[in-house]
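Taken together, the values in this text are just the output of simple stated rules run on the coordinates, not laboratory data. These figures come from a predicted structure and were not determined experimentally. Reconstructed Cβ throughout: ideal geometry from the backbone, glycine too, with neighbour counts over all protein chains shown.
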Amino acid sequence: MSSLAITRPTGSVMPVAALVLGAIAMGLSPIAVRLADVGPFTSAFWRVFLALPVLWLWMRASEGRPANPPRPFSRPTILAGLAFAGDLFFWHLSIVHTSVANATFFATSAPLWVVLFGWLLFRERVSVAVLLGLGLCLLGGASLVWQSLQLAPEHVSGDAYGIITGVFFGLYFLAVRAARGSVGAARVTFEISVITAAVLAVAAIGFEHQLLPRSAAGWGALLSLALVSQAGGQGLLSYALGLLPTVFSSLVIFLEAVAAALAALLILGEPVSTLQVLGGLLIVAGIWVARPRQAAVVVEP
């Protein structure tokens, strides 16, 4: 009896599309942080706090009234919330202490930490294709910001904050992946945001004195952070991490740098160079190379 081997995709188009949209949404955050007329910790707090009502409604709508409601605030969710608080704490510091290009470049080191921590903590190995895709994405990210990259003494602290941001974001990916094993994306995103808001409230009150924006434009920037970058971007990321490999998902977030460059072009009027276009193409190529492969399925006729 003969058999027929066919291929079936290991993933779905929907989670990949969610990742791309999430990366674009998060890529708008540096400009909104710059436009918000409050300090970095306060803007990080408002970003998460103002998104809570929307995330709560999403959670209630997605869960309905389950007979056996999930246990709230599991250990992976708590760890993800703490990791995300660290990510935003240092990310917003980096944005105001160095150039947007520098902050974006160093924060995109997250996939490196996903691979490293995945191996150290879970003994997970990655394929040659994923490593090649990671290399292309890193090269593309460097090309994207090369002309604006300023390795100056006055930017050392901001650059260091950007590197620490990448470490925390890598840990966040792994923790969300673990949390999504038993809890839906809406609950994970809402509970992570509750924990993050509590931590950042302490930081904002402890380190900054002005907790409210001075202008309507400042409130508008904070609302865009909350609705677009937090509820939209992080919600889509949580959804996708329950369905796609963690390392691949972290690579797709490189598109955040592409979105930041396009936003700088459209909003701030910053020109896009040929080198930046090449960097964007390298990132897309790296994501394509590292994409989840199709699995062979044997069908008996």
Spin-label zone in segment 73-95 - amide nitrogen under 17 Å from a point set 7 Å from the Cα of Glu208 along the C-beta vector: 85-95
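Subtracting the Cα-Cα distance from 0.36 nm times the residue separation, let me have the gained length for Ala198 to Ser127 in nm, one decimal. Spell out each step's value before the answer.
Values: separation 71, 0.36 × 71 = 25.56 nm, distance 3.85 nm.
Computed gain between Ala198 and Ser127 is 21.7 nm.
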Sparsely packed trypsin sites (Lys or Arg not before Pro) within segment 154-252, loop by DSSP, other Cβ within 10 Å at most 15: Arg214
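For the chain, what does the helix formula give at 222 nm: sum of -39500 (n - 2.57) over DSSP H segments with n ≥ 4, over the residue count, nearest 500 deg cm²/dmol? Mind dumping the intermediate values first?
On the way: 15 runs with 206 residues, N = 301.
About -22000 deg cm²/dmol.
Using Cα-Cα distances under 8 Å and only pairs 6 or more residues apart, what relative contact order does the chain have, in percent? Each step should come with its number before you reach the end.
Numbers: 513 pairs, mean separation 131.3, N = 301.
Normalised by residue count, the contact order of the chain is 44 percent.
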Span-like helix ranges in the chain, DSSP H, alpha carbon extent 27 angstrom or more, Kyte mean at least 0.5: 75-97, 156-179, 185-207
Cα gyration tensor shape for segment 4-299, rounded if a/c is under 1.5, else prolate or oblate: oblate
Lys, Arg +1 and Asp, Glu -1 on Cβ, resulting dipole of the chain about Cα centre, debye, nearest 20: 800
Spin-label model distance (nm) - Val156 vs Val277, 7 Å beyond Cα toward Cβ: 3.9
Listed residue (Gly220, Ser74, Ala51) projecting farthest to the positive dipole end of the chain, Cβ model: Ser74
